[in-house]
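Structure record follows, encoded as structure tokens.
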Amino acid sequence: MKITFHGAAQEVTGSCTLIETGEVRFLVDCGMFQGGRGADGKNHAPFTFDPGTIDFVLLTHAHIDHSGLLPKLTRHGYTGPIYTSHATADLLDIMLRDSAHIQQSDAERAKRKRRSHKKNGRRQSTDPAYTIEDVEAVLEQVRGLGYDEPTTAHDTVRFQLRDAGHILGSAIIEVWVCEQETERKLVFSGDLGQPDRPILCDPTLIEDADILFVESTYGDRQHKNLDDTIEEFISVVTHTLDDLGGNIIVPAFAVGRTQEIIYYVNHLTRAGKLHNINLFVDSPMATAVTRLTMQHLDLFDAQPRTLAA
Ligand SMILES: [Zn+2]
């Protein structure tokens, strides 16, 4: 078995792992590079493998640093299935369209810039890595699955998705690969949620693996205790609204974090710890994701499910 990392190696974005045996070639994730100087160049560079030779793709979750180059994969010849959870499939519809839109407007801007600074302009790609047509093609290739549903992807490969508790639909993937009559179990953590967070369930405990692939964005950082964070949130909000008569702007990721903030404002208001809050979500994408989240109550922890009902 040959395993190569085509992203998220010595950096935390662009997750893309290629697994090859004599019988099969498949990818786990196909993420976009985000942030940093070289990201645009890497997103536009040709793949270092031939997308047309990949048999299938397993996708851990919808965040763009894990899913964002799927349309580029299809644009360059990939025609096979993309296996992921039902909720991730729904999120991709929102997130990849948004990503294609950003790609296209960035390319337009780069074109205008190049025209106005013909000689000195920094070389930035004037073609989008992919377009909305490529996204439409990807969405046709996506196969939504439930958690804990054993699935055969190839004569020699079976897998199942386990709840990773990171964002809606996120999965740890257990994969069994058979090579020369020996079966080995690979586990891809994807991004992992923290236990005891609201809304989503805790990450599933995986009992064994022959090879374990762990994503670790915050591996060297100690997270603050959740109760302390909530107390700090209450005190900042109360001080700003009541003592200073001000407003609060919370920059928040559209997927996951925005829904957590809405949950806490609601929960803390019901518990009498916050008062008179008018909450505005100023993001069409976050609003679409919140609506989608409410359609997947089956994936929630027990307490938020009761609150949402
Ligand atoms: Zn993620």
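Quick note: the coordinates plus some simple rules give every number you see, no bench work behind them. These figures come from a predicted structure and were not determined experimentally. Cβ atoms come from the backbone with ideal geometry, glycine included; neighbour counts cover every protein chain shown.
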_Simple Cβ-charge dipole of the chain, Lys/Arg +1 and Asp/Glu -1, about Cα centre, in debye nearest 20_ = 1900
*Of 42/185; 72/113; 72/185; 2/185, which pairs sit farther than 22 Å apart, going by alpha carbon to alpha carbon?*
42/185; 72/113; 72/185
_MRE, 222 nm, helices only [DSSP H, n ≥ 4, -39500 (n - 2.57), over the chain, to nearest 500]_ = -10000 deg cm²/dmol
*Express the relative contact order of the stretch 173-309 as a whole percentage, based on alpha carbon pairs under 8 Å and six or more residues apart in sequence.*
22
*Mind sorting 47, 213 by how few other Cβ atoms lie within 10 Å of their own Cβ, fewest first?*
47, 213
_Cα-based shape type of the chain, given that a ≥ b ≥ c are square roots of the gyration tensor eigenvalues and the cut on a/c is 1.5_ = oblate
*Enter the Cα centre distance for the pair the stretch 1-33 and the stretch 209-286, rounded to the nearest angstrom.*
33
_Mean separation of Cα contacts under 8 Å (6+ apart) over length of the chain, as relative contact order %_ = 12
*Per-peptide average of other Cβ atoms within 10 Å, ordering 56-69, 173-186 highest first*: 56-69, 173-186
*In whole Å, how far is the Cα centre of the stretch 125-201 from that of the stretch 36-80?*
14
